[in-house]
Amino acid sequence: MKFDTKQIAASLKKQIEDFLSDTSKKEVGSVVSVGDDIAAVYGLPGAMLGELLLFPGGHYGLVMNLSEDSIDCALLNGEGDIKEGDYVYRTKKVVEVPVGDALLGRVMGALGNPIDGKGEIITSSFRPVERVAPSIMRRQGIDTPLITGIRAIDAMIPIGRGQRELIIGDRQTGKTAIAIDAIVAQKDTGVKCIYCAIGQKTSSVAYLVDVLQKLGCLDYTCVVTASSSEPAPQLYLAPYSAMAMAEEWMEKGEDVLVVFDDLSKHAIAYRTLSLLLRRSPGREAYPGDIFYLHSRLLERACRLSAKEGGGSITALPIIETQEGDFSAYIPTNVISITDGQIYLNSDLFNSGHRPAIDSGLSVSRVGSNAQHPCMKKVGGGMKIDLASYQENLAFSQFGSDLDSDTRAILTHGGVLDAALVQKNRHPEKEEKQTIILYAVREGLFDEIAPHDIPSFLEGFYFYGSAAKPGLIRRIAETHDLDREAMAEIRELATDYLKEHQED
Ligand code: ATP
Ligand code: MG
């Protein structure tokens with residue numbers, strides 16, 4: 001056998017090189033101190049911000065602070081039995097979550113780990129949780145509606161695909177209900193949904209998952225949750241994980257709806273984490289980068305240009321206010337980041353006017369660009385009508401002698417206001433909203449007492465769907481309301497009123 005010395009030398013050299021590069025992969029440091037789910041580590045000069053470090057027992061820590069002589073990590077699963085002197089290894093990886101269609105129907109923790117007992121999530125695609133938002137050149141304007149099925153929103157505060165619309169209100173004002181209705185309304189529309197629960201009780205999330213399952217929404221929805229009992233780093237990461245999952249679909253040209261319930265608790269978790277990391281506290285003890293916390297998250301929601309596939313992420317962040325104070329620090333931050341807000345009023349909610357949307361304070365900055373022609377026609381000027389009703393209502397309480405014009409405004413306003421009352425988990429198709437709202441806006445039902453309106457309108461639509469199925473189909477297909485359709489609705493309303501009076 002003939003030996004080729006050159007070949008042997010080359011092979012040896014390669015082995016030595018591989019051996020050297022292998023050792024360099026295993027950078028090892030040691031724990032200096034550990035406490036409050038934070039570990040200080042010494043001796044990993046190459047570690048990057050946001051990198052994952054591996055601790056004994058398979059624990060991971062997220063690098064949050066880099067200082068000259070140590071690194072502070074947030075321990076993702078709590079401190080367990082990590083102690084001073086333990087070895088710590090670099091992974092050279094940032095936090096990644098599984099993405100793709102395998103997530104649909106699943107309930108996951110903040111890191112995409114399944115927690116629904118349905119076994120592993122089988123996917124080969126992963127994405128880093130943090131990512132820079134698409135540049136302006138990669139985006140396009142918002143012009144396609146995302147129908148929430150809630151009359152007041154679709155008519156007055158329309159949301160477009162790719163928009164960020166804040167849902168803001170006190171405790172127990174129906175914030176979650178609106179977001180869940182929006183998810184339910186996406187059935188058969190092709191929009192995928194992610195519900196991200198941050199800092200909520202496990203029992204309330206389990207209840208919502210059950211609701212979504214019963215309504216048949218889990219086929220196109222997944223849930224990411226970091227409950228109130230989990231360590232602060234999990235709560236901090238959860239929304240970014242959800243956004244990364246949404247981006248995968250968006251980049252494939254699909255439309256996604258993401259709900260963040262809620263970002264107030266997210267801000268509090270980040271404040272806790274920052275204080276533990278000894279970052280200097282600012283206003284309301286929040287750290288200086290609290291605005292960036294939410295802006296870098298919500299900037300990632302957008303509509304991509306046709307060249308990029310035309311996908312979109314619509315974000316519905318939720319913020320909880322204290323005693324209606326939406327001018328507090330975190331609420332104003334998120335208001336300024338989003339493209340509008342749906343403001344929920346607790347007085348309205350408690351008086352039974354649900355959804356308790358305050359039409360005066362709610363706004364969509366994308367506006368009617370995100371409405372189909374039919375909705376534009378029935379929603380135009382509705383806010384003004386309601387405002388004039390509210391104004392006259394307040395005024396009328398001082399005196400009893402009202403002129404006929406004021407009385408007409410009050411009667412019509414009362415009916416219109418009552419027409420916006422809608423039970424939760426009953427989102428409506430656009431054609432139903434169009435027919436009902438057209439009849440109401442035209443004053444065809446002004447003679448009905450407002451408290452009878454919700455059931456009366458249900459009856460009217462039921463009657464209409466039996467009498468004129470063609471009309472409903474036409475509105476659903478064309479998304480428009482032509483003269484002929486308007487005449488048909490008028491006719492329908494007259495017939496139904498006649499029948500109603502005979503009963
Ligand atoms: P929290 O501050 O606790 O998160 P929230 O603002 O998210 O509360 P929800 O949990 O959505 O409020 O709603 C509170 C209650 O009001 C729920 O029991 C819900 O079923 C009910 N509710 C919400 N919207 C409506 C509605 N449109 N019609 C009838 N009931 C409603
Ligand atoms: Mg809620």
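Which residues, counting only those in region 403-430, are surrounded by 18 or more Cβ atoms within 10 Å (Cβ to Cβ) and within 25 Å of the chain's Cα centre (by Cα)?
Passing the criteria: Leu420, Val421, Gln422, Pro427, Glu428, Glu430.
Output yes when any residue across region 277-288 is within 30 Å of Cys217 (Cβ to Cβ) and either in contact (Cβ under 8 Å) with a residue 60 or more places away in the chain or open to solvent by 60 Å² or more (accessible area, probe 1.4 Å) (or both), and no when none is.
Quick first cut of region 277-288, residues within 30 Å of Cys217 (Cβ to Cβ) only: none.
Within region 277-288, none of the residues are within 30 Å of Cys217 (Cβ to Cβ) and either in contact (Cβ under 8 Å) with a residue 60 or more places away in the chain or open to solvent by 60 Å² or more (accessible area, probe 1.4 Å) (or both).
Of all residues in region 262-293, which are closer than 23 Å to Thr173 by Cα and at pLDDT 95 or above?
The first filter runs over region 262-293 and keeps only residues closer than 23 Å to Thr173 by Cα, leaving 262-269.
Correct list: Leu263, Ser264, Lys265, His266, Ala267, Ile268, Ala269.
Take the conditions assigned to a helix (DSSP H, G or I) and more than 16 Å from ligand 2 (Cβ to nearest atom) and apply them to Ala179. Does it pass?
No.
Could you check how many residues of region 464-499 are outside any helix (DSSP H, G or I) and of a type in the set (A, V, I, L, M)? Don't jump to the end; show me each part of the working.
In the first step, residues of region 464-499 are kept if they are outside any helix (DSSP H, G or I); the result is 468, 479-482.
Filter once more, so that each one left must be of a type in the set (A, V, I, L, M): 481.
Here the count works out to 1.
Out of the residues in region 109-141 meeting the condition of being under 28 Å from Asp339 (Cβ atoms) and not in a loop (DSSP other than H, G, I, E, B), tell me which one is most open to solvent (accessible area, probe 1.4 Å).
Residue satisfying both the conditions and the ranking: Met137.
Quick check on my filter: what residues within region 306-323 are over 19 Å from the mean Cα position of the chain (by Cα) and open to solvent by less than 20 Å² (accessible area, probe 1.4 Å)? I'd like the intermediate steps shown before the answer.
We begin by selecting, within region 306-323, every residue over 19 Å from the mean Cα position of the chain (by Cα); these are 306-310, 322-323.
Within region 306-323, just Gly310 meets the criteria.
Which condition does Gln172 not pass, out of (1) open to solvent by less than 50 Å² (accessible area, probe 1.4 Å); (2) within 16 Å of ligand 2 (Cβ to nearest atom); (3) among the polar types (S, T, N, Q), if it passes all the others?
Against the list (1) open to solvent by less than 50 Å² (accessible area, probe 1.4 Å); (2) within 16 Å of ligand 2 (Cβ to nearest atom); (3) among the polar types (S, T, N, Q), Gln172 comes up short only on (1).
Step by step: first the residues of region 344-364, then only those that are of a type in the set (A, V, I, L, M) and more than 15 Å from ligand 2 (Cβ to nearest atom), then the one that is farthest from the chain's Cα centre (by Cα). Which residue is that? Spell out the reasoning first.
Taking region 344-364 and keeping what is of a type in the set (A, V, I, L, M), we get 344, 348, 356-357, 361, 363.
Subset that is more than 15 Å from ligand 2 (Cβ to nearest atom): 348, 357, 361, 363.
Numbers: Leu348: 23, Ile357: 17, Leu361: 20, Val363: 17 Å.
Applying the filter and picking the extreme gives Leu348.
Just checking, does region 225-241 include any residue being within 16 Å of ligand 2 (Cβ to nearest atom), open to solvent by 10 Å² or more (accessible area, probe 1.4 Å) and over 26 Å from Gln186 (Cα atoms)?
The answer is yes; a qualifying residue exists.
Return the pairs, sorted by first residue and then second, in which the second residue is of a type in the set (Asp, Glu) and open to solvent by 10 Å² or more (accessible area, probe 1.4 Å), the first residue lies in region 231-242 and is touching a residue at least 40 places away in the same chain (Cβ under 8 Å), the beta carbons are less than 8 Å apart, and the residues are 6+ apart or on different chains.
Within 8 Å, the pairs are Pro231/Asp37; Ala232/Asp37; Pro233/Asp37; Tyr240/Glu130.
Which condition breaks for Val88 when tested against (1) in contact (Cβ under 8 Å) with a residue 24 or more places away in the chain; (2) open to solvent by 80 Å² or more (accessible area, probe 1.4 Å)?
(2)
I'm trying to understand the selection: among the residues of region 85-104, which are under 17 Å from Ser125 (Cβ atoms), in a loop (DSSP other than H, G, I, E, B) and not β-branched (Val, Ile, Thr)?
The initial filter retains those residues of region 85-104 that are under 17 Å from Ser125 (Cβ atoms), namely 93-104.
Checking which are in a loop (DSSP other than H, G, I, E, B) leaves us with 95, 99-100, 104.
Scanning region 85-104 gives Gly100, Leu104.
Within region 423-434, does at least one residue satisfy the condition of being away from ligand 1 (no atom under 16 Å from the Cβ), in a helix (DSSP H, G or I), without any contact (Cβ under 8 Å) to a residue 12 or more places away in the chain and farther than 24 Å from Ser351 by Cβ?
Among the residues of region 423-434, not one is away from ligand 1 (no atom under 16 Å from the Cβ), in a helix (DSSP H, G or I), without any contact (Cβ under 8 Å) to a residue 12 or more places away in the chain and farther than 24 Å from Ser351 by Cβ, which makes the answer no.
In region 196-231, how many residues are within 15 Å of ligand 1 (Cβ to nearest atom) and not basic (Lys, Arg)?
Number of matching residues: 20.
In contact with a Phe, Trp or Tyr (Cβ under 8 Å, 6 or more places away or on another chain), more than 10 Å from ligand 1 (Cβ to nearest atom) and not hydroxyl-bearing (Ser, Thr, Tyr): is that true of Ile157 in this structure?
no
If I ask for residues that are in contact with a Lys or Arg (Cβ under 8 Å, 6 or more places away or on another chain), more than 17 Å from Gly117 (Cα to Cα) and within 16 Å of ligand 2 (Cβ to nearest atom), which ones from region 185-224 would you list?
Ile198, Gly199, Gln200, Val211
The values are calculated or read from the model by the stated rules, or taken from the named source; none is laboratory data. Because the structure is predicted, anything quoted here is derived from the model rather than measured. When we count neighbours, we look across all protein chains shown, and the Cβ atoms used for this are built from the backbone with ideal geometry, even at glycine. Ligands, DNA and RNA are stripped out before the accessible areas are found, and what is left, the full protein with its side chains, is counted by its heavy atoms. Shrake-Rupley method; radii C 1.70, N 1.55, O 1.52, S 1.80 Å.
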